[in-house]
Structures are given as structure tokens and as C-alpha cells.
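I have placed the structure first, in the form of C-alpha cells, so that the comments after it can refer back to it.
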Amino acid sequence: MKLIYKFNVLMITLLMTACMQSAAVMGTSETPEWLQSEPAMYPNFKYLSATGSASKAEQAKARALSNLAKIFEVQIREVSTTSQDIQTSKTEGVETVESSARIASVVNLKTDKMVQGARIAEQWQNSEDLTYHALAVLDRAHAGNNIRGEMNRLDEETQFSLDQQQKRSDVLLKISDLYKASELQQDRAILQKTLKIIDVKGKGVTAQWNLAELDEQLQRVLRSLPLQTVVRVDDVGGLSNILQAAASNAGFTVGSAGYQLAASLKAQQPVKQDDWYWLRATLKIELVAQDGVTVIGYQSWPLKVSAANPSQLQARMIKAADKKLKQELLNSVLTFAQ
């Protein structure tokens with residue numbers, strides 16, 4: 001069964017903040033072995049490693065750390081970095097890098113624990129082309145422990161949410177708890193995937209809950225939510241039918257009592273531009289408590305359609321509203337329930 005994914009995904013910037021010690025930069029034509037093969041001092045069974053090269057030392061270090069992050073099977077999107085904030089100093093020939101650099105990768109996770117402890121282990125400058133090279137390493141055991149700790153936290157919060165929903169008498173609160181549990185386990189699944197990369201045996205820690213079963217449980221509670229559909233404003237026509245269809249498509253059972261799912265479609269006057277006619281409207285939904293007054297949550301979307309003939313605008317706007325409701329209704333209600 002298709003999992004329910006949260007649309008407003010919280011994007012967390014990956015921060016690598018630690019004091020990282022490395023050997024002093026060497027200027028020689030003799031290429032170090034870690035640029036050509038597995039680093040002898042940092043074998044693969046104990047460390048993850050990656051290299052980076054650039055015309056400047058700080059950029060080489062940042063690229064090495066970024067390349068190390070790319071090993072993990074998460075959606076990493078590189079964005080431009082405005083500042084690196086990397087400070088270096090030397091003590092008795094050993095360079096220390098104190099870095100609050102924002103390795104400008106945005107990851108689809110709620111934690112950066114998988115890369116805590118990453119450091120620049122070696123540096124080298126080619127004396128011929130003056131290119132800087134850096135080796136970034138991450139201790140597998142250290143990173144694995146960080147991820148397991150975060151997975152344990154997610155499991156504890158999941159168990160709490162599932163225990164809470166069993167005590168609830170209000171169906172909407174049950175939905176909120178089950179939705180949170182599902183989200184927590186989706187995050188855990190990403191961490192499990194990452195842990196399997198770090199774990200030399202590729203096992204990780206098996207989840208206590210099955211995502212598909214959690215989703216099915218959520219769907220059952222959704223169907224039990226007492227819900228009625230109400231149209232506040234309809235400047236186009238046909239909103240009542242598409243609202244009921246979207247609610248049914250989302251898994252709700254529509255009746256004549258309970259919470260109100262209210263919708264409005266307010267349209268502007270059509271505008272002609274060149275040889276085309278344009279119609280703009282605002283589609284809005286509200287979830288109203290069973291008292292018929294308290295608004296629990298609302299969401300609105302701007303809609304715009306065009307046609308060569310103004311008589312086509314109404315049908316196209318109805319189609320646009322129908323598509324938007326079927327895409328967004330379920331996730332909007334789940335967000336309202338939180």
C-alpha cells in the first residue's frame with residue numbers, strides 16, 4: 001500500500017562542526033596512496049572515506065566532507081555556499097581545522113547524526129599543478145552508534161504515539177497519533193538505510209513496526225471519522241460533487257453529521273489577454289469541529305486556467321479544482337489533525 005508522505009517536509013541543513021586534526025599539507029610530486037586506493041591508516045572495514053580536490057585548501061576539505069556525505073543513500077542536493085567559516089592553525093607542525101562550515105547540502109532527514117565525527121584526516125598539495133587534495137574519514141562504529149541512538153529515540157516516540165491513540169475517544173486525535181507514528185517510522189526507515197551503509201555487515205537494526213501495517217491502521221481510522229462536506233462559496237459550479245468525490249478518494253466516509261469539511265471556490269472576473277481568456281480563483285478548505293463553529297485548520301490554493309474560448313473556462317476551472325483536491329485533501333486533513 002502506498003505510504004502517506006508528509007508534503008511539508010522539514011529540510012535540515014547538514015552541519016559538520018568539530019575540531020578536525022590532520023597532517024600538515026605536503027607539497028610534493030609524489031602522490032599519496034590514499035588518492036589512488038584504500039587508505040592504509042583508514043581501512044574500509046573501520047572507516048568510510050572520501051577525497052576532495054580544489055585550487056584552495058579550504059575548498060578541498062569542504063568537497064571531501066561533501067563527497068563523504070554523498071555516500072549515504074539520501075537525497076542530497078548541493079546548494080551554493082556563501083561562506084565556509086573554516087579556520088586553520090598549526091601547532092608543532094600539525095594543522096588543526098576548527099570548522100563551523102555549512103557543507104551546503106540539504107538532506108531529507110530530521111537529523112545530521114549520521115555524519116557527526118567526520119573529519120579531515122590527510123591533506124596534500126601537488127607541487128606541479130598546485131592542486132590541493134583532502135581525505136575525509138568517518139569512523140563506522142562512532143557513526144553507527146549515533147544513528148542507533150537516534151533510531152531508539154524515534155522508536156520510543158512511536159511507541160508513545162501508538163499507546164496514546166489507544167486511549168483516545170476522539171477519532172481526530174487518534175488520526176493525529178497514528179499519523180505521527182507513521183512519520184516517525186518513515187524517518188527511521190531512512191536512518192536504517194543509512195545504517196546499513198555504515199554497518200560492514202549491512203544489517204542495521206530491524207524495525208519493530210511495518211510501515212504498510214501502520215498505514216493500513218491509519219486508513220481504518222480515517223474511514224471511521226464522522227465527516228460531512230459543506231460548500232461555503234461556489235462561483236464556478238460543481239464544487240459540491242468534486243468535494244465529496246475527493247473526500248471519498250482520500251478514504252473518508254462522508255455522512256450527514258460529525259466534523260465539517262467545508263470548501264469555497266471564489267473566482268475573479270475572466271480577463272482577456274491577447275487571444276486568450278484567463279480565469280483566476282482561490283480554492284479553500286476548512287476542517288470544522290463537531291460544534292460547527294471551531295475551525296481546526298484551513299488551507300487555500302490559487303488556481304488559474306486559460307482558454308481560447310471563454311465558454312471553456314468554467315469546465316477547466318472545475319477540472320483544476322478537482323485535481324487539486326484529490327492531490328492535497330488527505331495530507332491537509334492529516335496536517336489539521338496534528
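Readers should treat all values here as calculations from the given coordinates under stated rules, not as data from a laboratory. In this text, all values refer to a predicted model and were calculated from it rather than measured experimentally. Positions of Cβ are generated from backbone atoms using ideal geometry, with glycine treated the same way; all protein chains shown enter the neighbour counts.
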Q.
Based only on other Cβ atoms within 10 Å, what is the fewest-to-most ordering of Thr194, Thr294?
A. Thr294, Thr194
Q: Could you check the simple spin-label distance between Leu211 and Arg153, using points 7 Å along Cα→Cβ, in nm with one decimal?
A: 2.1
Q) Sorted by mean Cβ packing within 10 Å, highest first, what order do the peptides 154-160, 330-336 take? A) 330-336, 154-160
Q.
Taking a ≥ b ≥ c as the square roots of the Cα gyration tensor eigenvalues, with a/c under 1.5 meaning rounded and otherwise prolate when a/b beats b/c, else oblate, which class fits the range 227-337?
A. prolate
Q: Kindly state, to the nearest 0.05, the FRET efficiency for Ala245 paired with Asn44, given R0 = 35 Å and r defined as their beta-carbon distance.
A: 0.05
(Q) Cut-off is 10 Å between beta-carbons; in what order do Trp34, Trp209, Trp276, Trp124 appear when sorted fewest neighbours first? (A) Trp276, Trp209, Trp34, Trp124
Q: Just list whichever of Lys61/Lys201; Lys266/Lys323; Lys167/Lys203 have alpha carbons separated by over 26 Å in the model shown.
A: Lys61/Lys201; Lys167/Lys203
**Q.** For the range 320-330, Karplus couplings with θ = phi - 60° (6.51, -1.76, 1.60), whole Hz, Gly/Pro x
**A.** 5, 5, 4, 5, 5, 5, 5, 6, 10, 4, 4
Q.
Run the numbers for Val271 and Ser37: contour at 0.36 nm per residue of separation, minus the present Cα-Cα distance, in nm.
A. 77.7 nm
Q: Arrange the peptides 139-146, 296-303 so that the one whose residues have, on average, the most other Cβ atoms within 10 Å appears first.
A: 139-146, 296-303
